[in-house]
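The values are calculated or read from the model by the stated rules, or taken from the named source; none is laboratory data. Not measured: the values here are computed from a predicted model. Counting neighbours? That spans all protein chains shown, and the Cβs are built from the backbone with ideal geometry, glycine included. Quick note on the areas: whole protein, heavy atoms, side chains included, nothing else; ligands and nucleic acids left out. Shrake-Rupley method; radii C 1.70, N 1.55, O 1.52, S 1.80 Å.
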Amino acid sequence: MPVPDLVPAKGDDTSPPVHVAIIMDGNGRWAAARGLPRAEGHRRGVEALRKTVRASSDLGIQYLTIFSFSAENWTRPAQEINDLMTLVKRFVRDDLADLHKSGVRIRIIGDRTGLDSEITGLIAHAEMLTRENRKCTLCVAFNYGSRQEIARAARKLAEDSVSGNIDPSQIDAELLEAQLDTAGIPDPDLVIRTSGEQRLSNFLLWQAAYAEFVFMPIYWPDFDRAALEEAIEEFHRRERRFGGVNARAGN
Ligand code: IPE
Ligand code: IPE
Ligand code: MG
């Protein structure tokens with residue numbers, strides 16, 4: 001008797017992942033390997049990002065989330081923080097018009113309180129300008145830490161309980177999720193980290209519950225369309241189960 005085809009078998013589904021999230025790591029080591037200052041690694045990292053956004057949109061990926069600055073990155077030397085902030089501002093100023101023209105919607109996740117007003121202004125403008133775009137969404141994790149995000153969501157639910165807007169017995173995963181910075185964005189299907197490190201570093205802890213992880217040995221400035229395609233090929237070789245069973249494989 002034929003086995004019912006409940007779940008597509010590995011490799012049957014060649015459509016791109018809906019949501020790819022990237023931990024862009026290794027700028028400093030890329031620069032050090034060439035005897036260059038870390039800032040040069042970050043500058044080249046922005047070029048890799050440009051290529052990746054274009055490739056991701058061409059490949060039909062609907063959501064691309066990038067980890068650009070973590071809540072813990074403030075512990076770096078002041079000069080490096082300054083270099084990174086300058087690059088972020090320059091990226092928005094130089095690239096926003098093109099991104100908008102290409103139909104990219106921009107969404108920023110992370111804590112905005114206490115940020116330099118120039119940056120919060122640029123963020124608000126980028127989100128507002130591109131809010132109707134539908135080709136794809138570029139979600140930028142900036143001053144982002146997943147534990148802090150979950151704690152903020154929990155605090156909001158506690159406030160809503162105290163004010164009587166919700167009853168604590170109503171709180172479930174769905175209600176908490178609706179308070180995360182990523183509310184309305186589907187969970188990442190694929191999380192890529194470059195540079196060889198194999199950890200999440202406080203990135204999308206909640207959202208990546210069933211993501212596939214691909215760790216690549218290259219430094220972020222060397223990432224390009226071919227590397228993205230390679231990660232997607234690996235993703236297609238994986239068998240996702242979400243806690244269920246794969247009927248065809250029989251286990
Ligand atoms: C990633 O590269 C960029 C940011 C974290 C902002 P790194 O700066 O972490 O580079 P490595 O890991 O030191 O090589
Ligand atoms: C994670 O990389 C943050 C970003 C890529 C923005 P880090 O380089 O900060 O992470 P750790 O310190 O190696 O875990
Ligand atoms: Mg790093």
Discussion item. Only one of ALA71, ALA33, ALA48 is out of contact with any Ser or Thr (no Cβ under 8 Å at 6 or more places or on another chain) and open to solvent by less than 10 Å² (accessible area, probe 1.4 Å). Can you tell me which?
Written reply: ALA48
Worksheet item: Listed residues ARG112, ARG134, ARG155; which is surrounded by fewer than 14 Cβ atoms within 10 Å (Cβ to Cβ), without any contact (Cβ under 8 Å) to a residue 40 or more places away in the chain and either part of a loop (DSSP other than H, G, I, E, B) or of a type in the set (Val, Ile, Thr) (or both)?
Response: ARG134
Item to complete: Scan the range 203-217 residue by residue and report those that are away from ligand 2 (no atom under 14 Å from the Cβ), more than 17 Å from ILE109 (Cβ to Cβ) and in contact with a helix residue (DSSP H, G or I) (Cβ under 7 Å, 6 or more places away or on another chain).
Response: GLU212, VAL214
Discussion item. Please go through the range 193-241 and give me each residue that is charged (D, E, K, R) and closer than 14 Å to THR65 by Cβ, ordered by number.
Written reply: ARG193
Worksheet item: What is the number of the single condition among (1) touching a residue at least 12 places away in the same chain (Cβ under 8 Å); (2) open to solvent by 50 Å² or more (accessible area, probe 1.4 Å); (3) among the acidic types (Asp, Glu); (4) not in a loop (DSSP other than H, G, I, E, B) that GLU127 does not meet?
Response: (2)
Item to complete: Search the range 183-202 for residues being touching a helix residue (DSSP H, G or I) at 6+ places or on another chain (Cβ under 6 Å) and within 16 Å of ligand 3 (Cβ to nearest atom), and hand back the single one that is most open to solvent (accessible area, probe 1.4 Å).
Response: ASN202
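Quick check on my filter: what residues within the range 13-30 are more than 7 Å from ligand 1 (Cβ to nearest atom) and either part of a loop (DSSP other than H, G, I, E, B) or free of Cβ contacts under 8 Å to residues at least 60 places away in the same chain (or both)?
ASP13, THR14, SER15, PRO16, PRO17, VAL18
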Fill in: Residue ID - farthest from ligand 1 (Cβ to nearest atom), chosen from residues in the range 172-182 that are in contact with a helix residue (DSSP H, G or I) (Cβ under 9 Å, 6 or more places away or on another chain) and without any contact (Cβ under 8 Å) to a residue 24 or more places away in the chain
LEU175
Fill in: Condition check for ARG76: touching a helix residue (DSSP H, G or I) at 6+ places or on another chain (Cβ under 9 Å) and within 16 Å of ligand 3 (Cβ to nearest atom)
yes
Worksheet item: Can VAL7 be described as away from ligand 1 (no atom under 12 Å from the Cβ), at pLDDT below 95 and crowded, with 17+ Cβ neighbours inside 10 Å?
Response: yes
Practice prompt. Identify, from the list ARG193, ARG199, the residue that is touching a residue at least 24 places away in the same chain (Cβ under 8 Å) and within 16 Å of ligand 2 (Cβ to nearest atom).
Written response: ARG193
Worksheet item: Has the range 205-223 got at least one residue that is open to solvent by 60 Å² or more (accessible area, probe 1.4 Å) and of a type in the set (S, T, N, Q)?
Response: no
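Go through the range 51-68 and give me each residue that's assigned to a helix (DSSP H, G or I) and either open to solvent by less than 20 Å² (accessible area, probe 1.4 Å) or touching a Phe, Trp or Tyr at 6+ places or on another chain (Cβ under 7 Å) (or both).
Residues satisfying the conditions are THR52, VAL53, ALA55, SER56, SER57.
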